[in-house]
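The values are calculated or read from the model by the stated rules, or taken from the named source; none is laboratory data. Please read all numbers here as calculations on a predicted model, not as lab measurements. Here the Cβ positions follow ideal geometry from the backbone for every residue, glycine too, while neighbour counts run over all protein chains shown. Please note that ligands, DNA and RNA were not included when accessible areas were found on the heavy atoms of the full protein model with its side chains. Shrake-Rupley method; radii C 1.70, N 1.55, O 1.52, S 1.80 Å.
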Amino acid sequence: MISAFFIYNQKGEVLISRLYRQDLKRSVADIFRIQVISNTDIRSPIVTLGSTSFFHVRHENLFIVAVTKCNANAALVFEFCYRLVNIGKAYFGKLDEEAVKNNFVLVYELLDEVLDFGYPQNSETDTLKLYITTEGVKSERALKEDSSKITIQATGATSWRRPDIKYRKNEAFIDVIESINLLMSAKGNTLRADVSGQIMMRAYLSGTPECKFGLNDKLLLEKDTSHKGMARKSTAVEIDDCQFHQCVKLGKFDSDRTISFVPPDGEFELMRYRTTENVILPFRVHPVVNEIGKSRVEYRVTVKANFSPKLYANNVLIKIPTPLNTANINVRVASGKAKYVPAENAILWKIPRFQGQYEVMLSGDAELSAMTVKKAWSRPPISMDFQVLMFTSSGLLVRFLKVFEKSNYTSVKWVRYMTKAGSYQIRF
Amino acid sequence: MVIAVQSSVNFKMSDAKYFQRGKIHELRTELNSEKKDKQHTKKKTVLKKIVANMTMGNDMSALFPDVINCMQIPVLEIKKMVYLYFINYSRTKPDIAVMAIPTFMKDADDHNPLIRALAIRTMGYINVDKIIDALVDPLRRCLRDKDPYVRKTSAMAVAKLYMHDHELVECEGFVDLLRDMLADPNPTVVANAVAALTEISERSNTITLKLNTTVANKLAAALNECTEWGQTYILEALMSYIPQDMGDAEVLAERIAPRLQHANSSVVLTAAKVIMYLMNYMTKEEDITNLCRKLSPPLVTLLSNGHEVQYVALRNILLIIQRRPEVLRNDIKVFFCKYNDPIYVKLAKLEIMFRLASVSNVDQVLSELKEYATEVDVDFVRKSVRSIGRLAVKIESTADRCIAALLELIQTKVNYVVQEAIVVIKDIFRKYPNQYESIIGTLCENLDNLDEPEAKAAMIWIIGQYADRIENSDVLLDDFLFTFLEEPVEVQLSLLTATVKLFIKRPTAGQELIPKVLKWATEDVDNPDLRDRGYIYWRLLSTDPATAKTVVLSDKPRISTESDNMEPALLDELLLHISSLSSIYHKSPQTFIPNSKIRHLTHSPVLNRRYPGQQQQQPNLLDSDIENLASGSLGIEANPYNLDVVNIGENYVGDLLLDL
């Protein structure tokens, strides 16, 4: 398992250094700096030198690094690094050099708690915050008052939830966030289109609520005879695969596809899912790009919104690559703003608000400077970024969220949908 | 509508200022200051400075006695800093470290479970004989503590102790205590005990973790209650279970399968490892097929994780589909590279794409590869070009289109693309003799730019092989021969053979070249292979030219992409290490971690013997080349010529495997 854990800033200065095993010395920190941080051409997130392996993840301006001397479980090491970043965010709002330096004693405290002998332990922020806090005094008090409650919580079967949560108004918010990935060939064929969805939940519920959650999942609806009609109407969605937060009872899902759980308090990712069937593309892009001789490239790019006119997309950004030797660009757009950004070798076309069924066009040309060596332009794909509210590319819908608690309170539930661009690329 | 509320956090502390070099004597004075410090805030500040300096790598060990004095201060934050200091420096000052024992003892007996656990946890980190000895009694007590948090911490402390002094752990019966903890009512305690036992078993020559069916099923049942990490430890431990009766493996796999839906990728991959392992002990093909069907979607989902986890997943998928080709057979699209994937993800995807390529999807694969061949990263482009060639060798019906694609790429005149294309075209010529020779003309246009040995050797091979069809083959060879003595051996060998072929096919054209090449090879070069080969040719040609002809121009063995398959024994071993480093490097752990235990499929009455590694060993190319040599056919084949193709993708990690 993990023998040492380091956090570096961009310059390679060590901000946190914690050794968990005697098989390494502090000096390995220098080896990582020399071999990875100072190396401009690092081609793997794992570097093994002799029998020492360095795993690194970059976050903000930091290198999060775990070092092992054994044949460690690589997925576990990286998941731990990601988790540490999330814990940092939960504690400090943002995990960057400033936050780490300003709270280094707390970071050490957390590291002592979440890793024991290099084995990740309970890393649920909700529990950690019970006894490790930004104010030393508060932790001190928590410890004296009721430490056995903390220990039960930290080792219990629902380690993600405190037992004594109370809200005057019981509410739960569900956000269905879909990232749509598209790869379109130059000929206009869809090479791949898939949706990876995330269901985020913010639960402000008292006590120990048992929740049941239902989607228009085809497999589930087909099982349930009373909804047969609905499934036939093809409003049901075929989910390729899904993964759940650890609070969800996986055995139950495996046997009858019901999603039941005791939620953590506050915000968490309830599930992730993937669909590839019947994906609705929110935008269609038709690029016509011609290289005219050696000195000019002509662009005509049309983009059409493929969703209901009642809806609209926000922050639409279309990035149209230009050749490396572009000297000057002239573009005309009917809506939004387009400008050439030399640093990115692209025309960035921004449309703040884009109504459904609407179509926009960009036309223009790039003047190229002469080059001594004629090298073919690699034509990176056009990429898009956007957010469409109250729209899911997969057609997924939340059917119900039921909350059962022994005090039998009523709770209010809210659902919101959003589709955003994952990697939305169109070759030309 | 929900309105997102981003909680903003104010930084109450700004401890960044402590990150500056402190002088030992100043820190000491501050620490020992007699000034009033009721809240111990001054002590806290000095300790923070010391910890910051420690972090920066400045040696603070001289302050040991002064820091130890702070141990008594009843402020938790201070205690934690002192303990941290201790873990770092106690080994350098064992005699002073002993002074801390009484405080540790007191803490290990504290009424507060968190303090008890903290003491046990910290003592476990300290490798000082006397402290280790002192730990034994409280540890034994804490292993049976009424508080689960203390028990789970103690379980881990046994593993720590084992690393310091394994005899002590064995003598004191701690391993038995750990084993008893597998029946603990608390899931976290069970998980840590399992992790500790697995660790000990990995390091010990005498202790090996073995689970019987009852324990294995109990552990699998405990999975539901564990934290995600605990689930990983338990799943890992299940690799020490050997099914003995019909149905054992099936039942356990059934219990584990729901884990594939977990959000944590280490749970998913470790579950996949156990399931792949258990399949070896299953009898019904139907059960295996069902499980394979369950494996595919979660493996694809792993690709929506961070890039690092994607990389781990991809390298493992490559192993899994070699053993169970039905997994992911229809999912090739998800492995298409995104333009902004990091290079390590792209290279890993490329290999999987090649492997999943079949008659039904080859068009898509080829058009993807053509796209990649125009990208920017040199390594990626080269491997894409090479994959196009391999595709032609793998799937006959696509060879025409692959050749066309390669020719198109050669037209781009991008140097490394051309060279890579020539290398693979040589393979295609070998696989499909007498079909594509018409393109030789195009190849010959690019001779001047070849500067890589492999490409040169390939081009020379082509010239030699088709010496009678290329009009000016003698002139071309002569051009290459100009620098014979400066060339690397690879090129020299192929020049030698090509010249001999030329001489045999067109004696008049070759007669001027052959004597000087043979003379160089036998007299002016130090390499024994080259010299030997030179002599053999010389003698063959001088004693019996007719035999020389049959030997040199004999039929070559067919090539296929079968040679890309991993050796079954190694694949078997790597599958037992799914998700680990070795599964990423595709190297047995012994090759980079000394003293690591070898894993193998243990025999049992239900072990399925269809896939054992040793039985269906593929003749690898090196062997066949040696046979080839023995039978007298001396072409360029005497080079282990396909080795590089076999290695695609793994050399960039391999390069980094140097010793410290």
Qualifying helices (runs of 4 or more DSSP H) (wholly inside segment B:394-512; at least 2 residues being under 30 Å from B:ALA546 (Cβ atoms)): B:415-431, B:453-465, B:473-481, B:489-505, B:507-510
Looking at (1) within 18 Å of A:ASP175 (Cα to Cα); (2) not in a loop (DSSP other than H, G, I, E, B), which is the one condition that is false for A:ARG300? (1)
Within segment B:404-411, is there a residue that is open to solvent by 40 Å² or more (accessible area, probe 1.4 Å) and either more than 12 Å from B:GLY389 (Cα to Cα) or among the charged types (D, E, K, R) (or both)? yes
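Residue by residue, here is whether (1) open to solvent by 30 Å² or more (accessible area, probe 1.4 Å); (2) among the charged types (D, E, K, R) holds:
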{"position": "B:GLU172", "(1), (2)": "yes, yes"}
{"position": "B:ASP176", "(1), (2)": "yes, yes"}
{"position": "B:VAL189", "(1), (2)": "no, no"}
{"position": "B:ALA193", "(1), (2)": "no, no"}
{"position": "B:THR206", "(1), (2)": "yes, no"}
{"position": "B:VAL215", "(1), (2)": "yes, no"}
{"position": "B:LEU219", "(1), (2)": "no, no"}
{"position": "B:ALA222", "(1), (2)": "no, no"}
{"position": "B:THR227", "(1), (2)": "no, no"}
Could you list, in sequence order, all residues of segment B:514-535 that are open to solvent by 80 Å² or more (accessible area, probe 1.4 Å) and within 15 Å of B:PHE503 (Cβ to Cβ)? B:LYS519
Apart from one, (1) β-branched (Val, Ile, Thr); (2) over 32 Å from the mean Cα position of the chain (by Cα); (3) surrounded by 13 or more Cβ atoms within 10 Å (Cβ to Cβ) all hold for A:ILE351; the odd one out is (2)
Which of the residues belonging to segment A:32-49 are open to solvent by 10 Å² or more (accessible area, probe 1.4 Å) and at the interface with chain B (Cβ under 7 Å from one of its Cβ atoms)? A:ARG43
Given the criterion within 30 Å of A:ALA154 (Cβ to Cβ) and open to solvent by 10 Å² or more (accessible area, probe 1.4 Å), identify the matching residue among B:ILE96, B:ILE68. B:ILE68
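Conditions (1) within 14 Å of another protein chain (Cβ to nearest Cβ); (2) under 30 Å from B:TRP229 (Cβ atoms); (3) of a type outside the set (S, T, N, Q); (4) open to solvent by 30 Å² or more (accessible area, probe 1.4 Å), marked per residue:
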{"residue": "A:THR190", "(1), (2), (3), (4)": "yes, no, no, yes"}
{"residue": "A:ASP194", "(1), (2), (3), (4)": "yes, yes, yes, no"}
{"residue": "A:LEU205", "(1), (2), (3), (4)": "no, yes, yes, no"}
{"residue": "A:VAL237", "(1), (2), (3), (4)": "no, no, yes, no"}
{"residue": "A:PHE253", "(1), (2), (3), (4)": "yes, yes, yes, no"}
{"residue": "A:ARG257", "(1), (2), (3), (4)": "yes, yes, yes, yes"}
{"residue": "A:PRO264", "(1), (2), (3), (4)": "yes, yes, yes, no"}
{"residue": "A:THR275", "(1), (2), (3), (4)": "yes, yes, no, no"}
{"residue": "A:ILE280", "(1), (2), (3), (4)": "no, no, yes, yes"}
The residue that is farthest from the chain's Cα centre (by Cα), considering only those in segment B:319-341 that are more than 10 Å from chain A (Cβ to nearest Cβ) and in a loop (DSSP other than H, G, I, E, B), is B:ASN330
Condition check for A:SER394: within 14 Å of chain B (Cβ to nearest Cβ), polar (S, T, N, Q), in a loop (DSSP other than H, G, I, E, B) and out of contact with any strand residue (DSSP E or B) (no Cβ under 8 Å at 6 or more places or on another chain): no
State whether the residues of segment B:46-54 include one that is of a type in the set (Gly, Ala, Ser) and at pLDDT below 90. no
Considering only residues that are open to solvent by less than 20 Å² (accessible area, probe 1.4 Å), assigned to a helix (DSSP H, G or I) and either farther than 14 Å from B:LEU76 by Cα or within 8 Å of chain A (Cβ to nearest Cβ) (or both), which ones fall in segment B:102-113? B:ALA108, B:PRO113
Filtered residues of segment A:310-333 (kept if assigned to a loop (DSSP other than H, G, I, E, B) and over 15 Å from A:ALA346 (Cβ atoms)): A:LYS310, A:LEU311
Filtering segment B:148-168 down to residues that are of a type outside the set (A, V, I, L, M, F, W, C) and within 16 Å of B:LEU182 (Cα to Cα) yields B:PRO148, B:TYR149, B:ARG151, B:LYS152, B:THR153, B:SER154
Taking the condition farther than 30 Å from A:LEU49 by Cβ, more than 31 Å from the chain's Cα centre (by Cα) and surrounded by 14 or more Cβ atoms within 10 Å (Cβ to Cβ), does B:ARG539 pass? no
Which helices (runs of 4 or more DSSP H) sit wholly inside segment B:236-318 and have at least 1 residues that are open to solvent by 10 Å² or more (accessible area, probe 1.4 Å) and within 12 Å of another protein chain (Cβ to nearest Cβ)? B:248-256, B:285-301
Residue by residue through segment A:114-132, note down the ones that are at pLDDT 95 or above and assigned to a helix (DSSP H, G or I). A:VAL114
Residues of segment B:183-229 being over 24 Å from B:LYS146 (Cβ atoms) and among the charged types (D, E, K, R), in sequence order, are B:GLU199, B:GLU202, B:ARG203, B:LYS210, B:GLU228
I want to confirm something. Restricting to segment B:35-44 and keeping residues that are within 14 Å of chain A (Cβ to nearest Cβ) and touching a residue at least 12 places away in the same chain (Cβ under 8 Å), which single residue is surrounded by the fewest Cβ atoms within 10 Å (Cβ to Cβ)? B:HIS40
Looking at B:ARG355, B:ARG315, which one is of a type outside the set (Phe, Trp, Tyr), modelled with pLDDT of 95 or more, under 22 Å from the mean Cα position of the chain (by Cα) and under 30 Å from A:VAL47 (Cα atoms)? B:ARG315
Extreme residue, least open to solvent (accessible area, probe 1.4 Å), among residues of segment A:397-428 that are touching a Ser or Thr at 6+ places or on another chain (Cβ under 7 Å) and closer than 17 Å to A:ILE174 by Cα: A:THR419
Scan (1) under 23 Å from B:LEU570 (Cβ atoms); (2) touching a Ser or Thr at 6+ places or on another chain (Cβ under 8 Å); (3) without any contact (Cβ under 8 Å) to a residue 12 or more places away in the chain for the single condition B:LEU328 breaks and write down its number. (3)
Checked pairs for segment A:148-164, first among the aromatic types (Phe, Trp, Tyr), second assigned to a helix (DSSP H, G or I), C-beta under 8 Å and 6 or more apart or across chains, list as A:TRP160/A:ASP126; A:TRP160/A:THR127
Is segment A:382-396 home to any residue that is open to solvent by 30 Å² or more (accessible area, probe 1.4 Å) and of a type in the set (Asp, Glu)? yes
Within segment A:93-109, how many residues are open to solvent by less than 20 Å² (accessible area, probe 1.4 Å), touching a residue at least 24 places away in the same chain (Cβ under 8 Å) and either within 8 Å of chain B (Cβ to nearest Cβ) or under 24 Å from B:VAL82 (Cβ atoms) (or both)? 6
Has segment A:69-82 got at least one residue that is without any contact (Cβ under 8 Å) to a residue 12 or more places away in the chain, facing another protein chain (nearest Cβ under 9 Å) and either open to solvent by 40 Å² or more (accessible area, probe 1.4 Å) or among the hydrophobic types (A, V, I, L, M, F, W, C) (or both)? yes
